[in-house]
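Have a look at the structure below, then the notes.
Taken together, the values in this text are just the output of simple stated rules run on the coordinates, not laboratory data. Nothing here was measured: the structure is a model prediction, and the numbers come from that model. Because the Cβ atoms are built from the backbone with ideal geometry, glycine has one as well, and the counts that use them run over all protein chains shown.
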Amino acid sequence: MFRRMLVLLDAGLVGRRVVPWVRRLLVPVHGDVRLLVVLPPGRTVTAGSRTLIYADQDEDAARDAVGVALAVVAAQLRDDGLAVSSEVRFGDPGVDALEVAQAWGAEAIALVDVPAHGARRWLTRSVADAIVQKTPLPVLVARASGQRAA
Amino acid sequence: MRIKMLMRCTSGTVEARESLAAASMRLASDSGGCLVVTDGGRLAGVLTPADARAAGPSTVPSLAVHEWPAFTSRLTVADAMRRDPVVVPPDATPGDAAHALRTRGHRAAVVVDGSEVVGVVTTTDLLGTLVQRLERETPPRLSRLLVAVSLVASTSRRCRSRTPLDLALGIARRHRATLTLLHVMRGLSLRVAEGLPAGVDADVQRWRLAEVRAALIRRVPPEDRSVVRVDVRAGDVVEGVLNGAATAGAELIVMGGRPGASLVRETMRRAPCPVLAA
């Protein structure tokens, strides 16, 4: 039975749907949770020759916005007696999640599978698929909707 | 925990002489809310959706549908509200509020700071606190797990160190949960799986079924066998896992298989509960 679980969340925190399941799994073992949000890299916005927003400013704003919601999730888990840490990164969720899992020593990964629709469904692979395929760790996958609540 | 942390804003204030139909519409737009009723600026009562419903006509009436508005339009908030409402200060404890509501049979208390109404607290809000406290005292556990196992030795990277069955048994032990050990057999007649005779092959297939059951139970350590149930199904693997999970009321499916295999992906997409790909 694992105790250290990496929870991969998204910018809109749809991934919060997996948190109650993580809680059910880890509260009895007083587990350790790392909340990870991987956002797309910031972009520099220019208008003609003027730079309106630099990439790092864009990333700071995104980090602050996600940080507030992340703090709420972390506080709820701490109330249940879990040790919680959180991190916001910029890059590819499928790659960064595996890096963090290895560096942090995660024993399992939890995430919500958000399936793509339309042509993207056939052209791209979901983050859940990429992680399940690459990691040797157990992966807890919940669906964004249509599944029983914890 | 104090009431000021728990209370919610009221859905608004209404005068006692206002129409009940209009007040009910305001209540309907705010689920779980309630209205504070005043009479000439003084606190006169409280109106919850249940109070508003109770004052309306019976749902098995002799009234025709078109007669309902005529009946309800005559009613005022004063006809439906709870007079002499329970009043609590913001620093009261949930226990104080719950005790007052229970004693007087009310569903909502008005939170008053000095002479100013600052919010309301309903029985639903208090139940929420109770649930949180109970969950803290007794952490939520999983009670039913399902593990889909294959009798073929897996070449999965994950399975070299720990099989899905090991993982599921570890979780089941920790959570004191019951574990359904599911195996889906290809080539097994559906009728045999259901326990019905299937012609000349029936004996052979029953023998295969018994062998599989025995092989599955041998994989479980003796001390865990009392909490393990073996389920062997025939047909498509994904359908078998989904049906098995539904039958067992599983809260978590543990399954192995080749990473990224279509079986795991398809199960993840259609499962009624989360899937732990091990």
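Under 5 Å between amide H atoms, partner at least 5 residues away or on a different chain: which partners does B:Arg233 have, H built in plane at 1.01 Å?
B:His183, B:Val184, B:Met185
Each label point is 7 Å from the Cα along the Cα-to-Cβ direction; what then is the distance between the points at B:Glu223 and B:Arg186, in nm?
Between B:Glu223 and B:Arg186, the simple spin-label model gives 3.8 nm.
Using 7 Å Cα-to-Cβ label points, what is the A:Arg78/A:Val95 separation (nm, one decimal)?
Each label point lies 7 Å from its Cα, and together they span 3.3 nm.
Comparing A:Arg50, A:Arg16, A:Arg34, which has the greatest mean-square fluctuation in the GNM of chain A with Cα pairs linked when under 10 Å apart?
Ranking A:Arg50, A:Arg16, A:Arg34 by mean-square fluctuation puts A:Arg50 first.
With n ≥ 4 as the cut-off for DSSP H runs, can you work out [θ] at 222 nm for the protein assembly as shown, using -39500 (n - 2.57) per run divided by the number of residues, rounded to the nearest 500?
Helix-only estimate at 222 nm: -11500 deg cm²/dmol.
Quickly work out the B:Glu239-to-B:Arg17 label distance, labels modelled 7 Å from Cα along the C-beta direction, and quote it in nm with one decimal.
About 7.0 nm separates the two model spin labels.
How well do other chains shield peptide B:263-270, expressed as the mean number of their Cβ atoms within 10 Å of each residue Cβ?
Taking all residues of B:263-270 together, the mean is 4.
Full extension from B:Ala261 to B:Gln132: what is 0.36 nm times the residue separation minus their Cα-Cα distance, to one decimal in nm?
42.5 nm
When a footprinting reagent is the concern and you count Cβ atoms within 10 Å, what order do B:Leu216, B:Leu151 take, fewest first?
B:Leu151, B:Leu216
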